Amino acid sequence: MRVMIVGSMAAELGEAARIAIGRGAKIAQADDVVSALTELRSGRGADVVLCDVQLPIEELIAQMTAERIAAPVIACGTRADAVRAAAAIRAGAREYLPLPPDAELIAALLETLGGDGRAPVAVDPAMLATLRRAEQIAASDASVLIRGESGTGKEVLARHIHRRSRRAAGPFIAVNCAAIPEHLLESELFGHEKGAFSGAIARRIGRFEAADGGTLLLDEISEMDVRLQAKLLRAIQEREIDRLGGTEPVKVNVRILATTNRPLEAEVKKGTFREDLYFRLNVITLTLPPLRDRPRDIVPLAEMFARRYADVNGISARPLTEAAKRLLEAQPWRGNVRELENTIHRAVLLAAGEVIDVDAIELPAAEAEACPPLRTPAALGGSGSSAVPSPAATNGLVGRTVADVERDLILETLTHCLGNRTHAAALLGISIRTLRNKLREYSAAGLRIPAAPNATTAQDRVPA
């Protein structure tokens with residue numbers, strides 16, 4: 001993990017850096033915000049930024065947002081800096097790290113924000129088979145296509161492949177093709193020179209150059225515009241890229257991993273994905289099973305998240321009761337591991353007493369009703385129930401237009417997904433591009449669009 005320290009390395013902030021180094025992090029340091037931005041634009045970048053709240057941290061966050069430099073910012077300060085810390089959080093800082101630093105808290109923050117350094121949780125045979133295949137091909141330089149529903153842990157598996165590869169000492173760079181507007185994605189991937197377009201105030205190294213010597217993850221690649229796919233294909237084949245506004249090609253040495261939650265073969269047939277790019281990426285295919293197809297992993301994952309979020313929130317770790325485990329195992333988990341993680345995070349915060357029991361586990365109403373967790377066949381009268389919806393389930397729709405129902409379904413799903421558009425689009429069965437267009441339409445009509453909590457980019461805060 002790459003950690004940037006913004007501020008003096010003297011005293012407490014330097015101690016935080018030494019603790020991070022002890023946890024395996026690579027440290028870069030900048031004395032001020034201007035120097036930090038220069039370093040971040042250079043392509044050396046950072047996975048996490050620790051910034052002294054005595055510096056203009058709001059300016060740093062605003063400029064990173066404007067230039068789409070995606071790295072969580074952690075504000076660091078003493079108790080005397082409480083007012084500045086609150087302002088930093090309002091400006092978009094992801095967390096606040098009190099100084100002098102606590103080693104376990106830093107470890108938990110780095111693990112949560114920068115990616116877990118451990119192997120994916122795998123107890124169920126379905127997941128173990130995928131993990132064994134991933135480890136078998138990790139040492140090669142072959143491109144890998146990782147398939148799976150939204151929230152199954154595709155990026156976690158990609159990071160695991162990188163750690164087991166010969167490029168483990170190099171950078172791991174991830175870019176979410178669904179989260180970046182089409183007109184900005186080319187610059188994000190290939191970089192640009194100063195003045196290449198309006199707003200290009202300085203040279204910016206793209207993700208390909210930042211990943212040189214390491215691994216580049218193209219997350220949700222099915223959402224990339226077909227016109228940009230041609231340039232991507234050339235970059236992969238020729239191992240060189242052209243910065244926007246540049247005059248000479250730049251050689252790069254990266255391994256490509258890509259993820260998708262949709263079948264690319266169908267996208268090829270529709271003409272929205274290039275067949276030659278599909279074959280170039282699809283050297284090795286790994287398919288992550290949804291959580292409902294790997295039920296033996298539910299409790300181990302829940303216990304791991306319970307420990308993680310207890311550490312992050314400074315709470316004593318508490319075990320899950322047997323009743324809580326049965327409740328979790330009975331759910332359909334349409335949002336997969338990501339939904340389970342959010343549920344356990346809430347439970348850690350809401351639980352009272354020495355254990356995490358069922359009363360601390362809040363489930364979406366639709367899921368709780370669709371899958372009653374602790375009912376038995378005897379309680380159901382020993383017979384199956386009909387799948388035909390009751391009149392009460394449909395009476396509320398009579399008299400409403402399809403457009404109104406569609407709008408409410410989209411907004412409620414986005415709220416359920418905590419503002420995560422990729423996840424919401426997957427649950428709705430539509431593309432992220434279609435979802436963006438709908439949200440733009442609703443925003444223009446004056447409706448409030450649910451946003452992801454702790455959003456760090458303008459893309460997260462407003463409709464694309």
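Summary of values
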item: Any hit, the stretch 103-110, residues being over 29 Å from Asn261 (Cα atoms), crowded, with 20+ Cβ neighbours inside 10 Å and over 18 Å from the mean Cα position of the chain (by Cα); result: yes
item: The one condition in (1) part of a loop (DSSP other than H, G, I, E, B); (2) under 26 Å from the mean Cα position of the chain (by Cα) that Thr343 fails to fulfil; result: (1)
item: Residues of the stretch 156-173 satisfying the condition of being crowded, with 20+ Cβ neighbours inside 10 Å and in contact with a helix residue (DSSP H, G or I) (Cβ under 8 Å, 6 or more places away or on another chain); result: Leu157, His160, Ile161, Pro171, Phe172, Ile173
item: Top-ranked residue of the stretch 56-88 - restricted to ones that are among the aliphatic types (A, V, I, L, M), in a helix (DSSP H, G or I) and surrounded by 16 or more Cβ atoms within 10 Å (Cβ to Cβ), ranked as modelled with the lowest pLDDT; result: Ala85
item: Checking Leu218 against (1) under 24 Å from Thr152 (Cα atoms); (2) touching a Cys at 6+ places or on another chain (Cβ under 9 Å); (3) at pLDDT below 95, the condition it does not meet; result: (3)
item: Residue ID - modelled with the highest pLDDT, chosen from residues in the stretch 103-158 that are part of a loop (DSSP other than H, G, I, E, B) and closer than 25 Å to Ile27 by Cα; result: Ala119
item: Among residues of the stretch 187-215, those that are acidic (Asp, Glu) and modelled with pLDDT of 90 or more, counted; result: 2
item: Failed condition for Thr285, given (1) touching a helix residue (DSSP H, G or I) at 6+ places or on another chain (Cβ under 7 Å); (2) polar (S, T, N, Q); (3) within 25 Å of Ile146 (Cα to Cα); result: (1)
item: Scan of the stretch 250-278 for residues that are of a type in the set (Gly, Ala, Ser) and either touching a residue at least 60 places away in the same chain (Cβ under 8 Å) or surrounded by 12 or more Cβ atoms within 10 Å (Cβ to Cβ) (or both), ordered by number; result: Ala258
item: Those helices (runs of 4 or more DSSP H) lying entirely in the stretch 245-321 with at least 1 residues within 20 Å of the chain's Cα centre (by Cα); result: 298-312
item: Qualifying residue in the stretch 172-180 (condition: more than 28 Å from Lys26 (Cβ to Cβ), in the same structural domain as Val144 (by TED's automatic domain parsing) and outside any strand (DSSP E or B)); result: yes
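The values are calculated or read from the model by the stated rules, or taken from the named source; none is laboratory data. This structure is a prediction, so every number in the text was calculated from the model and none was measured. Using ideal geometry, Cβ is built from the backbone for each residue, glycine included, and neighbour counts are taken over all protein chains shown.
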